[in-house]
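Values quoted throughout were computed directly from the atomic coordinates according to the rules given, and no laboratory measurement underlies them. For clarity, every value in this text was computed on a predicted model and none was experimentally measured. Positions of Cβ are generated from backbone atoms using ideal geometry, with glycine treated the same way; all protein chains shown enter the neighbour counts.
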Amino acid sequence: MFDAAVHAYLRSIAGEGARRAGPFTVRFDEHDDALPFNYAVPDDDVAPAPAEVGALITLFHEHARVPRLEYVPQAAPKVEAAVTAAGFETEGRYPLLVCTPEAVQSAQVDPAIEVAPVTTDEGLWQAARVMNAAFDAPDATEHDVARMRRILGLGGVVAVATDTTTGTPVGAGQIGGPHEGVAEVAGIAVATSHRRRGIAGAVTALLTRAGAANGITTAFLTPADDRAGRVYARVGYHKAGEMLHTSLR
């Protein structure tokens with residue numbers, strides 16, 4: 001099932017620093033307390049006991065992080081009730097969209113925009129600055145760039161969209177390195193000055209195609225809202241399930 005493949009990917013990107021609490025694999029970013037970089041993924045088909053959920057909460061608090069999960073509820077249908085009983089509340093339910101490199105459709109993008117993979121420090125800094133600005137995050141730091149270097153080292157791809165009339169980076173995104181052929185497209189960002197010009201779709205299409213050379217056979221993403229979902233649908237993504245984000249505040 002693709003649900004299990006997504007879970008396996010999410011566990012893999014926790015890396016060597018992954019922690020375990022009961023039937024949960026936990027990803028922590030020791031340098032960044034932002035929610036997207038700190039979360040747990042349950043084992044498949046588990047029914048966590050109250051003590052196991054309590055251990056998970058304790059682990060997050062020990063790391064000064066908000067206890068939270070990002071997972072596919074279809075792969076672990078008994079988890080939601082267990083964490084809700086402990087006080088977790090839903091942040092959001094997002095469609096899980098998937099696409100293969102062969103199914104990607106070209107995006108209609110402003111002809112002044114050029115989208116290309118980046119591997120140099122200069123390019124990675126450009127991507128980090130565009131992403132952080134678009135998501136109202138603090139100014140980009142060396143840690144943001146180092147995180148992207150790790151993505152490249154694992155076989156992922158980072159891309160930047162540039163307005164060729166000014167030379168200004170106006171869009172960015174990334175796809176992680178593959179785990180058993182599966183990887184996530186994330187961080188799709190467009191400068192407010194250049195939205196509604198097809199940039200998000202063009203970046204997503206490029207990343208999905210480019211990942212094929214590194215062994216990515218299926219890409220997935222979770223749009224924040226219906227408008228974003230329509231952008232991804234236009235370049236070939238379709239719904240394959242749901243992603244649940246839930247946390248204890």
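Using only helices, what value at 222 nm comes out for the chain when you add -39,500 (n - 2.57) per DSSP H run of length 4 or more and divide by the total residues, to the nearest 500 deg cm²/dmol?
Details: 7 runs with 77 residues, N = 249.
Helices in the chain give a 222 nm mean residue ellipticity of -9500 deg cm²/dmol.
Amide hydrogen proximity for MET243: with H placed 1.01 Å from N in the peptide plane, the residues at 5 or more positions away or on another chain lying under 5 Å are TYR94, LEU96. I need the calculated FRET efficiency for the pair ARG196 and ALA137, taking r as the beta carbon distance and R₀ as 22 Å, to the nearest 0.05. With a Förster radius of 22 Å, E is 0.50.
Counting only other residues whose beta carbon sits under 15 Å from that of GLY229, what net charge do I get with K and R as +1, D and E as -1?
On the way: positive: ARG93, ARG227, ARG230, ARG234, LYS239; negative: ASP225, ASP226, GLU242.
Counting the neighbours of GLY229, the net charge comes to +2.
So if I place +1 on the C-beta of Lys and Arg and -1 on the C-beta of Asp and Glu, and nothing else carries charge, what would the dipole magnitude of the chain be about its Cα centre? I want it in debye, nearest 20.
460 debye
Between the stretch 134-192 and the stretch 73-125, the alpha-carbon centres lie 12 Å apart. Axis angle, to the nearest 10 degrees, between helix 50-62 and the longest C-alpha principal axis of the chain: 50 degrees.
How would you order 223-229, 159-165 from highest to lowest mean count of nearby Cβ atoms within 10 Å?
Those peptides, ordered most packed to least, come out 159-165, 223-229.
Show me 89-101, 190-202, 138-150 ranked by packing, highest mean number of other Cβ atoms within 10 Å first. Kindly include the intermediate steps, with their values, before the conclusion.
On the way: 89-101: 17.4, 190-202: 19.2, 138-150: 15.0.
Averaged packing, sorted descending, gives the order 190-202, 89-101, 138-150.
Between the Cα long axis of helix 142-153 and the first principal axis of the chain there is an angle of about 90°, rounded to the nearest 10.
With the Cα gyration tensor of the stretch 12-99 giving a ≥ b ≥ c as the square roots of its eigenvalues, does the rule (a/c under 1.5 for rounded; else a/b larger than b/c for prolate; else oblate) give rounded, prolate or oblate? Don't skip to the answer; put the middle values down first.
Numbers: a/c = 1.44, a/b = 1.08, b/c = 1.33.
It comes out rounded by the Cα gyration axes.
Helix 121-134 axis versus longest C-alpha principal axis of the chain: approximately 70°, rounded to the nearest ten.
With R₀ set to 45 Å, the beta-carbon distance separating THR100 from ARG249 gives a calculated FRET efficiency near 0.75. Under the simplified labelling scheme, the THR120-THR166 pair shows an inter-label distance of 2.1 nm, with each label point 7 Å from Cα along Cα→Cβ.
Using R0 = 22 Å, the C-beta based FRET efficiency linking LYS78 and ARG227 works out to 0.10.
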